[in-house]
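Here is the structure we will look at, set down as structure tokens.
What follows is calculated from the coordinates using simple rules that are stated; it is not laboratory data. This one's a predicted model, so the numbers in the text were calculated from it and none came from an experiment. Ideal geometry is used to build each Cβ from the backbone, glycine not excepted, and the neighbour counts take in all protein chains shown.
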Amino acid sequence: MSKYVKNLITDELRNRLTGVEHALLVSIAGMDANKNSRLRTELRGKNIKLLMIKNSLARRAAEGTPLAAAFEEMEGSLALVWGSEDVVSLAKEVVRLSEDKEFALLEPRGGVMDGGRLSADQVKQVSKWPSRQEQLSILLGQILSPGANLVSQLKSAGGALASQIKQKSEGESSEDAAAPDAAAPDAAAPEAAAG
């Protein structure tokens, strides 16, 4: 390949990877075309991109970017995987697919997260972390929990007070209803005495 063609490919790769800060490297060596196509379709459904890439060209394209660390000490035929909501969701999906019998040849080989290089074992560890969505729900639960406790405590005290007031008012209205009946015999007695 001529230097001119390499530069064109490197520029194209650099443009495609602009803004990508987290990515994983996987090996799909030996996977037939049909399985490769199904794998790409599965990934595309999760907004994940897969790109077969020559290591030397990838190193040149990633030079000076956060992705540069991913290609350190990497050898063999590799594919770059990026996208999804966050790096944890990406790792979860790659590990899930690598454990699927249909895609048994898919093997996580490493990657980059926050500018730091990930090994294959670290990719599997990252896949066990809560995703961004899960972290937000945990955080929201922690934020709402004290408020919910406070509301329930205020509501229970307020409810007890309201119940006591209601009972007291019902007691007074029954006393008021009983009072005219008690007064009526007294009023009838003077009339009888007068008659």
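The range 68-123: which chymotrypsin sites (Phe, Trp or Tyr not before Pro) are DSSP loop and have at most 16 other beta-carbon atoms within 10 angstrom? The partial results should precede the final answer.
On the way: sites: Phe71, Trp82, Phe103; in loops: none.
When the chymotrypsin sites (Phe, Trp or Tyr not before Pro) of the range 68-123 are filtered for loop state and at most 16 Cβ neighbours within 10 Å, nothing remains.
Roughly what angle does helix 132-194 make with the longest principal axis of the chain, taking Cα atoms, 0 to 90 degrees, to the nearest 10?
10
Specify which residue in the list Val112, Met31, Gln142 is farthest towards the positive end of the charge dipole of the chain, using unit charges on the beta carbon of Lys, Arg (+1) and Asp, Glu (-1), about the Cα centre.
Going by the Cα projections, it comes out as Met31.
Please turn the phi angles of the range 7-24 into ³J(HN,Hα) values with the Karplus equation 6.51 cos²θ - 1.76 cosθ + 1.60 (θ = phi - 60°), one per residue in order, whole Hz, x for glycine and proline.
Values, residue by residue: 5, 4, 5, 4, 5, 4, 4, 4, 5, 5, 9, 4, x, 7, 10, 10, 7, 10 Hz.
If one computes the Cα centroid of the range 24-60 and of the range 121-151, what distance in Å separates the two points?
So the separation of the two Cα centres works out to 31 Å.
Using modelled backbone amide H atoms (1.01 Å from N, in-plane), which distant-in-sequence or interchain residues come within less than 5 Å of Met113's amide H?
The answer is Leu118.
Calculated FRET efficiency, Met74 and Leu150, Cβ-Cβ r, R0 45 Å, to nearest 0.05? Show your work: numbers first, answer last.
On the way: r = 53 Å, r/R0 = 1.18.
Taking R0 as 45 Å, the efficiency between Met74 and Leu150 is 0.25.
Considering Cα pairs under 8 angstrom that are at least six residues apart, work out the relative contact order of the chain and quote it in whole percent. Don't jump to the answer; show the numbers that get you there.
Numbers: 210 pairs, mean separation 44.8, N = 195.
About 23 percent, as a whole number.
Treating only the Cβ atoms of Lys and Arg (+1) and Asp and Glu (-1) as charged, compute the dipole magnitude of the range 3-129 about its Cα centre; round to the nearest 20 debye.
On the way: 20 positive and 18 negative charges, 70 e Å.
About 340 debye.
Which entry in (i) 0.96; (ii) 1.65; (iii) 1.10 matches Rg/Rh (Cα atoms, Kirkwood Rh) derived from the coordinates of this structure?
This structure yields the entry labelled (ii).
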